[in-house]
Amino acid sequence: MTRTWIIAVAGLALAACGGGDKGGNANTGSGAQPQASAGGGGADLVGAGATFPNPIYQRWFYDYAQSTGVKINYQSIGSGGGIRQVSEQTVDFGASDSPMSDQEMSQAKGGAVMHFPSVIGAVAVTYNLPGAPDGLKLTGDVLAAIFQGKVTKWNDPGIAALNPGVKLPAQDILVVHRSDGSGTTYIFTDYLAAVSPAWKASPGKGKDVQWPVGLGGKGNEGVAGQIKQTPGALGYVELAYARQNKLPVAAVRNAAGKFVQPSLQGATAAAAGVAQSLPPTTDFRISIVNAPGADTYPISSFTWLLVYQNQTDAAKGRKLVDFIGWALHDGQKEVQALDYAPLPANMVQMEIERLKTVKLPGATT
Amino acid sequence: MVDPLPHTGLAGRAAEVATARPRPRRRVVRLQGHRAADRAYSVLTTAAAAAVPLLLLVIAVVVTMGAWPALRQFGLGFLTSSDWDPVRNVYGVAPAIYGTLVTSFLALLIATPLAVGAAVFLTEYSPEWLRRPAAFLIDLLAAIPSVIFGLWAIFVLVPILREHVMPFLRDTLGLGATPFFSGPAYGPSLLAASLILAVMILPYISAVSREVLAAVPRSQREAALALGATQWEMIRSAVIPFARSGILGGVILGLGRALGETMAVTMVIGNRQEISASLFAPGYTLASAIANQFSEATGDLQLSALMAAGFVLFVVTLIVNAGARWLVWRTGRLAR
C-alpha cells in the first residue's frame, strides 16, 4: 500500500522535473497551439531557434496573426538548435544570436542561408561592490584582464585610475560567467576579443568558452543571483534582465573614448554607426561590438532571423517575406516595451533591399 | 531465512483453500472462463517486461553511436583531460567524472544515516499518531521538482554555507589546514551540490528502509526481546541485520538518483571544469555539462562530445550500480 504510494510520488516528481527545464516559452496569447507541435499543427509557418529574442518574437507573431491571420509557431530551443533545424530544413525559418559560420553555411541542405537582423540586444556588466556607485567606469582592456584573472583585486590601479574619487576596497573580484551556452556569452566574448588581442588568442569568442577564472551560473538569473549574494562579484547579463531587475551596471568605454552605461539608445546607435560603413552587398553576418560613434554602447549585437534564399514553397515563402517586412517596419515599434533596442532607420532600409533578393519558386521577380 | 510474509506462500494458500467452506459452483465455472484472460495477461506482462530492457538497449546504442566521433577523436584522453574548450573543439570530462562521483558519494554519506535513522524511528520508536504524517512528509520530499530544490539552494542553502558553515568548518574547527576544506568560500561548490543531493535522495532511501524494517517479522523481534534485549539491542541485533540488504537496495536507488541529478546540481555547483580537492571549490558534473551546453551546441564534435559525456555517465552508473549490487549480494550472504 505504502509502496504504491511511494512509486506514485516518485513518478510525480519525475514528471514535474521533466517540465522544469527552460521556462522561456512565454506564449503571449497566440500560443494557443502547443509549442511542441514540431509539424506546426495549423500554423502557416514554423520557426525555431534563439531563446533571447523569444519574448519579442512571440509578441510579434501574436500581433501579426491578429492583423493578417497568418499564424507562426516559434519554438525557442536555442540558437544551436535553430541553426541545426534550418540546416536540416525541418523548419521554415530559424533564429540565432550568433551568425552562422562559413562551415555551418556550407552544411545547410537548402543552399544559401540569408541573415536578417531582427532586433538588437546588449550585454550589461553588473557587480556587487558595497559602497561603490552605479555606473562604475571600466574599459575593455580592464574587463578582459579581470576575466583572464590578471586583475584580481577591486583596488587594482587599472580600475582605480578610471574611477577617481571612488573608494575601492582591497577585495578579491569574484568573476561570474554563464555556465550554459548562450548568445549573451557570445556577445560578451565577441566584445572582449575585439578589444583585447590576448583574449582573442585565448580563450577566444563563442557561445561557451573555456573561462580562465570564475564561477558559472546557469542563465541570467543564475549569474545575477550569484552576484547579488556575493560582495565583490562581477559578471555580465543581458541588458533586458539588468533593466528589469534594476541591477547596478558599469559604464563601459566605447570606441570614441566615452564611458557609456548600457541603454537601448546606445545599442541602436552602435548598429547605426556600423551600418553607415556597410557595403551594399553585405550579408549582415556582422558584429557591432565596439562600434564607432560617441553614444554607442560597445557590448551590443544583433540577433538574426535565418531564411533560405531559395524558397521551395511559393505560398510559405511569400508569407515569410511579408512577415519579415512587417517586423522591420511595424514590428520595430513594439520592441522597446520589451527592453530590446530597435534597428536604426538606415539598417532597416538595407534589409528591405536585401529582402527583395529572396527567391520564390515560380515568381518572376 | 524465514518467509517474511507466510500468508502469501503457496503452502499458506493451500491451507486456506483446505479449511475454506465449500464454495458455490458458479465461482468454479468463472475461474475456468478466465483462462483466456490469463494467457492475455501473461503475454501483456511479458511484453512489458521485455520493453524495459529493450528501451535501455536502444538508449545505449543511440548514445554510443552519437558519442563515437568524439570517442574516436580523443580516445582515452577524453576521460583524463580537463580541457573543455568549444572554441578550439577540444574536450575532456575528467573534472565532470570527478564531480559526479564526489557529490554523489558525499550525498550518500550524509543522507544514509539520516534516512535510516528516520526509518528506524518511524518503525520502532514513533508513537502511532505520528507515524503516518511523518512518513508522508518525508515521501513528499520526493515530489518536489528539482528546480525548486535548486532555487531553494541558491537563495537559502548557499548563503548559509558561505556566511556560516564554511567559515565555521574552515576557521573555527581549523579544518582549513586540510586540503578538503580550504580556499575561499564562494558558496556554490561541491559541498553545496552534495548537500542538496543529500536532501533529494533522502526520501528514497528512507521510504525503502521503512518498508524493509516494517517487513521484519514480529517473531524476530519477540525472540530478541525474550532473550532479554533492550529495545535498542533488539533493533541493532535482530531488526537491522535482517533488513540490511533491503536498506542497501534503498541506498543504491538513492545513489542512482544522485548520479543522474541535473538541474539542482547545475544551479549550485559553480560549473567550473577543474579538479580540486577542496569541497569549497566549484566543480562540474557529467549531467550538468549536458544540460548546460546541449541546446546551444552547434559543432558536430561538440554535440558528439556531449553525447560522449552521456555515454561516460551511463558507464559510470553501470559500474557503480554493479558494485553496489555485489555489495548487497555479499552482505546478504554474510547475514545468513
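Computed from the coordinates by the stated procedures, all read-outs in this text should not be read as laboratory data. Computed from a predicted model, the values in this text were never measured in an experiment. No Cβ is skipped: glycine too gets one built from the backbone with ideal geometry, and neighbour counts run over all protein chains shown.
In the stretch B:179-336, Rg over Rh equals 1.13, where Rg is the alpha-carbon radius of gyration and Rh the Kirkwood radius from pairwise Cα distances. Taking only alpha carbon atoms, the protein assembly as shown gives an Rg to Rh ratio of 1.05, where Rh is the Kirkwood radius. Taken as Cα centroids, the stretch B:35-102 and the stretch B:176-198 sit 30 Å apart, rounded to the nearest whole angstrom. For the peptide A:204-217, the mean number of other protein chain Cβ atoms found within 10 angstrom of a residue's Cβ is 6.
Amide H to amide H, with H built 1.01 Å from N, B:VAL87 comes under 5 Å of A:GLN210, counting only residues 5 or more places away or on other chains.
When both bridge partners sit in chain A, DSSP labels roughly 60% of those beta bridges antiparallel.
Residues in the stretch A:98-104 carry Karplus couplings, in order, of 10, x, 5, 6, 4, 5, 5 Hz; the curve used is 6.51 cos²θ - 1.76 cosθ + 1.60 with θ = phi - 60°, and Gly or Pro positions show x. Annotation: the antiparallel percentage among DSSP beta bridges lying fully within the protein assembly as shown is about 60.
Per-residue Karplus couplings for the stretch B:184-189, computed as 6.51 cos²θ - 1.76 cosθ + 1.60 with θ equal to phi - 60°, are listed in order as x, 9, 7, x, x, 6 Hz, Gly and Pro entered as x. Just A:THR296, A:THR281, A:THR90 to compare: in a GNM of chain A, with alpha carbon springs under 10 Å, which one fluctuates most? Result for chain A, Cα springs under 10 Å: A:THR281 fluctuates most.
For the pair A:GLN66 and B:ARG218, label points projected 7 Å from Cα toward Cβ lie 7.1 nm apart.
Pair-distance distribution P(r) for the stretch A:123-269, from all Cα-Cα distances in 5 Å bins starting at 0: 2, 10, 20, 26, 23, 15, 4, 0 percent. Per residue of peptide A:99-108, the mean number of Cβ atoms on other chains within 10 Å of the residue Cβ is 1.
Take the Cβ atoms of B:ASN89 and A:ALA170, set R0 to 30 Å, and the FRET efficiency comes out at 0.15.
For the peptide B:83-92, the mean number of other protein chain Cβ atoms found within 10 angstrom of a residue's Cβ is 4. How far is helix A:219-229 tilted off the main Cα axis of chain A, in degrees rounded to 10, range 0 to 90? Rounded to the nearest ten degrees, it is 20. Put simply, the amide H of A:ARG178, placed in the peptide plane, has neighbours under 5 Å in A:GLY217, leaving out anything fewer than 5 places away on its chain.
Can you sort A:TRP304, B:TRP326 from fewest to most other Cβ atoms within 10 Å of each residue's own Cβ?
Fewest to most other Cβ atoms nearby, the residues stand as B:TRP326, A:TRP304.
Look at where the Cα atoms of the stretch B:142-165 and of the stretch A:297-365 average out, and the two centres are 44 Å apart. Once backbone amide H atoms are built at 1.01 Å from N, B:TYR284 has B:GLY99, B:ARG272, B:GLU274 as its partners under 5 Å, excluding neighbours fewer than 5 places away on the same chain. For chain A, taking Cα atoms only, Rg and Dmax work out to 21.8, 74 Å respectively. Among A:ILE77, B:ILE235, B:ILE319, sorting on how many other beta-carbon atoms sit within 10 Å of each Cβ, with the fewest leading, yields B:ILE319, B:ILE235, A:ILE77. The Cα center of the stretch B:245-262 and the Cα center of the stretch A:159-219 differ in position by 39 Å. Cross-link pairs exceeding 22 Å in C-alpha to C-alpha distance, out of A:LYS167/A:LYS205; A:LYS218/A:LYS258; A:LYS137/A:LYS246; A:LYS319/A:LYS359; A:LYS153/A:LYS207, comprise A:LYS167/A:LYS205; A:LYS218/A:LYS258; A:LYS153/A:LYS207. On the basis of the beta-carbon distance and an R0 of 41 Å, B:PHE105 and A:LYS359 show a calculated FRET efficiency of 0.10.
Counting neighbouring beta carbons within 10 Å and listing from fewest to most, the residues A:TYR236, B:TYR41, B:TYR91, A:TYR241 come out as B:TYR41, A:TYR241, B:TYR91, A:TYR236. GNM on chain B, alpha-carbon springs under 10 angstrom: the most fluctuating residue among B:VAL93, B:VAL315, B:VAL52 is B:VAL52. Here the spin labels are modelled as points 7 Å beyond Cα on the Cα-Cβ line, and at A:ALA161 and A:LEU278 they lie 3.6 nm apart. Distance between the pseudo-spin-label points of B:LEU56 and A:ALA294 (7 Å out from Cα toward the beta carbon): 7.1 nm.
Structural descriptor for chain B: relative contact order 26 percent, calculated from alpha carbon pairs under 8 angstrom and at least 6 residues apart. For A:LYS200, the aspartates and glutamates whose Cα falls under 20 Å of its own Cα, not counting residues fewer than eight places away in the same chain, are A:ASP97, A:ASP102, A:ASP141, A:ASP190, A:ASP208, B:ASP83, B:ASP85.
Placing a label point 7 Å from the Cα of A:ASP141 along the Cα-to-Cβ direction, the residues of the stretch A:189-220 with a backbone N closer than 20 Å are A:189-204.
Per-residue Karplus couplings for the stretch A:199-210, computed as 6.51 cos²θ - 1.76 cosθ + 1.60 with θ equal to phi - 60°, are listed in order as 5, 4, 5, 6, x, x, 10, x, 6, 8, 10, 7 Hz, Gly and Pro entered as x.
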